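Asks: Take a look at this one; I'll ask things after.
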Amino acid sequence: MNRKILVVGTGLAGLTAALRLSKLGYQVEMVEKHHQAGGRLNQLKKDGFTWDVGPSFFSMSYEFDEFFRFMEMDPPFEFIRLDPLYTVHFSGSGNKYTIYRDLDRLAEEFRQIEPGFRAKMERLLGSAGKFFHDTDDLVIKKNYNSMLHWLFTLARVPWGHAPKLFRSVMKELDRHFTSDEVKQIFSLVAFFLGATPYDTPALYTLLTYTELVHDGYHNVRGGMYRIVEGLLSEMEKRGIQVHYDTEIVDFREHGGRLFSLTDQNGKSWEADMFVINSDAAGFRHEVFKRERFSEEKLDRMKWTLAPFTMYLGVKGKIGGLEHHNYFLGDNFEEYAGKIFKNSISLEKPYYYVNVNSKFNPEMAPEGHENLFILCPVPDLRFKPDWSDRDKLADDIIADLSERSGFDIKSNLVTKTIFDPVDWGKMFNLYKGSGLGLAHDLNQIGYFRPKNIDEKFGNVFYTGASTIPGTGLPMAVISSKLVTDRITGAHDSV
């Protein structure tokens, strides 16, 4: 088989799709807008420090195992399971909680604020775990060719799970816990999806099950970018070439099929088939100019929050921070309800801090720490002007210094800021949305942008804004689903 496939974008879904297709005998070539591979799973090096640009941990490691078995290759990187998982700091009460996988240790953390915590959590995990196992293979890992196929699949899910479709994550937690702090902590899974617990369906409490019971969270020894480096090494063995600094801006069609894509320099890229790892909705808008994906229609869709990120190099060791940390305020419901549309002040923002040098000391000079700070903010539909980004950065640094007991500003060696405009430009994220389309009931499964094009039968999509959704394991699953599309495996109408 010598059929050629061009893969546009080298995010995790694109890399794993390229390798799967190469394994099946296709001739694969890749183009990438950025100067290095990885998409949001990227790396920044500066002034002797190294940071993971985007994802800093992941769950469902067995999806990588499935990929390695398919490829008949040894894992080129090492996963390390996290325990404890993370810490959560509250500004109002000053309380700090460490989240362990061991339920006895976890219950001890909440003994004073949530009596009977262990039994309550076991009930939540039992319900979430049953939903996970009833839907994981049946619903998530499947292509859908018709509404009938989607409805038939859902009909096979036990009806006892139906209420989870119509309750929010926070409403589900209200049924199990009384402490606001406990509910806020275990609703953070919604923020992992770029949304809030007040508008994310309760079915996503299954993520609490995956973090505490099923597979936990993992890091990669040496930093998350080792995943990309390992896959690139395997691609080199297979002769898959990547062309960097190459942005696709136009196309040519012939006979109802896509004939070629054109880059910013006017070069034509021809292939028999095309796999798009750029945003599945954004690419249809920007390059194919589809009316169904016009700016007006895309703006009415629900997108995930945008990332405001900082990469700090600090002299000294910060005792008040663990590896993964969340810093919350005392107005959780108000903040979550208003942050999407930029109707609340960012003067006291909520944010996440990763100190990877505590796990991988080689990522910072001796006696120093590297800090990655993520603050979810409104996308460019609601806040297009980021001329105030330095003030937000200073406010976060001041707040973190006070709450960690370490003067970060006085010990700052280097600082890099990426605001939503930067993220959008670097990785073609629509309006700077960090994780693509959100996961409400109108944008999951069959209702998500398809992974096969509506017009061109030789164009396929993989990544966060198509099925099954956002996150590293979902990207790996997405590459399998698009491979099945191309080979015709498991197709059903």
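Asks: Of all residues in the stretch 400-410, count the ones that are part of a helix (DSSP H, G or I) and in contact with a strand residue (DSSP E or B) (Cβ under 7 Å, 6 or more places away or on another chain).
Replies: 2
Asks: Conditions first: (1) more than 30 Å from THR487 (Cα to Cα); (2) buried (at least 17 other Cβ atoms within 10 Å of the Cβ); (3) among the polar types (S, T, N, Q). THR10 passes all but one, so which condition is the exception?
Replies: Single failed check for THR10: (1).
Asks: Next question, about the same structure. I need the full set of residues from the stretch 27-71 which are among the aromatic types (Phe, Trp, Tyr), under 27 Å from THR487 (Cα atoms) and either in a strand (DSSP E or B) or touching a residue at least 60 places away in the same chain (Cβ under 8 Å) (or both), in order please. Please lay out each step first, then the result.
Replies: Start the filter on the stretch 27-71 by keeping residues that are among the aromatic types (Phe, Trp, Tyr), which leaves 49, 51, 57-58, 62, 64, 67-68, 70.
Checking which are under 27 Å from THR487 (Cα atoms) leaves us with 62, 64, 67-68, 70.
Passing the criteria: TYR62, PHE64, PHE67, PHE70.
Asks: Please go through (1) of a type in the set (A, V, I, L, M, F, W, C); (2) modelled with pLDDT under 95; (3) in contact with a strand residue (DSSP E or B) (Cβ under 7 Å, 6 or more places away or on another chain) for VAL189 and return the number of the only condition it doesn't satisfy.
Replies: So VAL189 meets the others, but not (3).
Asks: Looking at PHE372 and the list (1) among the hydrophobic types (A, V, I, L, M, F, W, C); (2) closer than 30 Å to PHE274 by Cβ; (3) touching an Asp or Glu at 6+ places or on another chain (Cβ under 9 Å), which single condition is not satisfied?
Replies: Only one criterion is unmet by PHE372, namely (2).
Asks: Grab the helices (runs of 4 or more DSSP H) fully contained in the stretch 132-227, keeping just those with 3 or more residues being outside the structural domain of PHE67 (by TED's automatic domain parsing) and farther than 30 Å from ASP453 by Cα.
Replies: 163-166, 169-174, 180-186, 206-209
Asks: Assuming GLU66 fulfils every condition listed in (1) closer than 21 Å to LEU206 by Cβ; (2) crowded, with 18+ Cβ neighbours inside 10 Å; (3) assigned by TED's automatic domain parsing to the domain that holds GLU247; (4) of a type outside the set (Val, Ile, Thr) apart from one, which condition is it?
Replies: GLU66 satisfies all of (1) closer than 21 Å to LEU206 by Cβ; (2) crowded, with 18+ Cβ neighbours inside 10 Å; (3) assigned by TED's automatic domain parsing to the domain that holds GLU247; (4) of a type outside the set (Val, Ile, Thr) except (2).
Asks: Of all residues in the stretch 207-236, which are under 27 Å from HIS35 (Cα atoms) and among the hydrophobic types (A, V, I, L, M, F, W, C)?
Replies: Within the stretch 207-236, VAL220, MET224, ILE227, VAL228, LEU231, LEU232, MET235 meet the criteria.
Asks: Now, a different point. Given (1) at pLDDT 95 or above; (2) within 27 Å of the chain's Cα centre (by Cα), identify the lone condition not met by LYS302.
Replies: Exception for LYS302: condition (1).
Asks: Being assigned to a helix (DSSP H, G or I) and over 18 Å from HIS324 (Cβ atoms) is the requirement here; does ASP74 meet it?
Replies: Against the criterion (assigned to a helix (DSSP H, G or I) and over 18 Å from HIS324 (Cβ atoms)), ASP74 does not qualify.
Asks: So which residues in the stretch 463-482 are outside any helix (DSSP H, G or I) and either within 15 Å of ILE140 (Cβ to Cβ) or of a type in the set (Phe, Trp, Tyr) (or both)?
Replies: The answer is ALA464, THR466, ILE467, PRO468, GLY469, THR470, GLY471.
Asks: Sticking with this structure for a sec: Please enumerate the residues belonging to the stretch 72-94 that are in contact (Cβ under 8 Å) with a residue 24 or more places away in the chain, under 19 Å from TYR350 (Cα atoms) and loosely packed, with under 14 Cβ neighbours inside 10 Å.
Replies: Selection gives GLY92, SER93.
Asks: Restricting the search to the stretch 411-428, which residues are outside any loop (DSSP other than H, G, I, E, B), over 22 Å from LYS315 (Cβ atoms) and touching a helix residue (DSSP H, G or I) at 6+ places or on another chain (Cβ under 8 Å)?
Replies: PHE418, PRO420, VAL421, TRP423, GLY424
Asks: While we're looking at this one, here's another question. Could you please tell me which pairs satisfy a Cβ distance under 8 Å, a separation of 6+ or placement on different chains, a first residue in the stretch 221-237 that is under 18 Å from GLU63 (Cα atoms), and a second residue that is among the hydroxyl-bearing types (Ser, Thr, Tyr) and assigned to a helix (DSSP H, G or I)?
Replies: These pairs meet every condition: LEU231/THR16.
Asks: Looking only at the stretch 432-464, which residues are among the basic types (Lys, Arg) and either crowded, with 21+ Cβ neighbours inside 10 Å or within 24 Å of PHE152 (Cβ to Cβ) (or both)?
Replies: Within the stretch 432-464, ARG448, LYS450 meet the criteria.
The values are calculated or read from the model by the stated rules, or taken from the named source; none is laboratory data. Remember, it's a predicted structure, so these values are computed and weren't measured experimentally. Methodologically, a virtual Cβ is constructed for each residue, glycine included, from the backbone with ideal geometry; neighbour enumeration extends over all protein chains shown.
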